[in-house]
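Following: one structure in structure tokens, then a few remarks.
A short reminder: the numbers here are calculations on the coordinates, not readings from a lab. Remember, it's a predicted structure, so these values are computed and weren't measured experimentally. Positions of Cβ are backbone-derived with ideal geometry, glycine not excepted, and every protein chain shown enters the neighbour counts.
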Amino acid sequence: MATKKTSRKKTSKKAKSSTRTSKSTAGPRSKKTTSKRSDKSDRPKRVSGLDLAAKVLASAKEPLNTKTIAERVIAAGWVTKGATPHATLYAAIIREIDLRGSESRFRKTDRGLFTHA
């Protein structure tokens with residue numbers, strides 16, 4: 001059985017460079033369109049999960065674990081699409097404690113338990 005040979009056309013370097021279009025000469029698509037969205041200042045600002053967690057812990061009289069914090073934060077209006085919001089909150093709280101240190105809004109009292117600073 002014979003194999004079919006395909007031939008490629010060889011082009012010179014000049015031919016290749018002339019077929020490319022310059023980015024600076026983009027056509028009518030480069031024109032910016034105005035959006036009909038309302039201004040960002042008109043929309044209400046969403047409250048972050050950490051801000052709500054700080055409020056929940058401030059009103060709590062005892063240290064809470066992240067599952068309890070997540071339940072109360074979701075009840076307070078936090079919208080999340082994740083399957084494990086308690087893990088998201090735990091990671092965010094730990095990250096804030098590490099970054100801010102003594103200025104953090106949270107204190108870790110025991111394994112998995114947090115209070116408001």
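Some points to look at:
- Members of 61/81; 55/108; 45/81 lying beyond 22 Å, as alpha-carbon distances in this model show: 61/81
- Average Cα contact separation per residue, segment 41-117, under 8 Å, 6 or more apart, as relative contact order %: 35 percent
- Label point distance in nm, residue 76-residue 46, each placed 7 Å from Cα along Cα→Cβ: 1.7 nm
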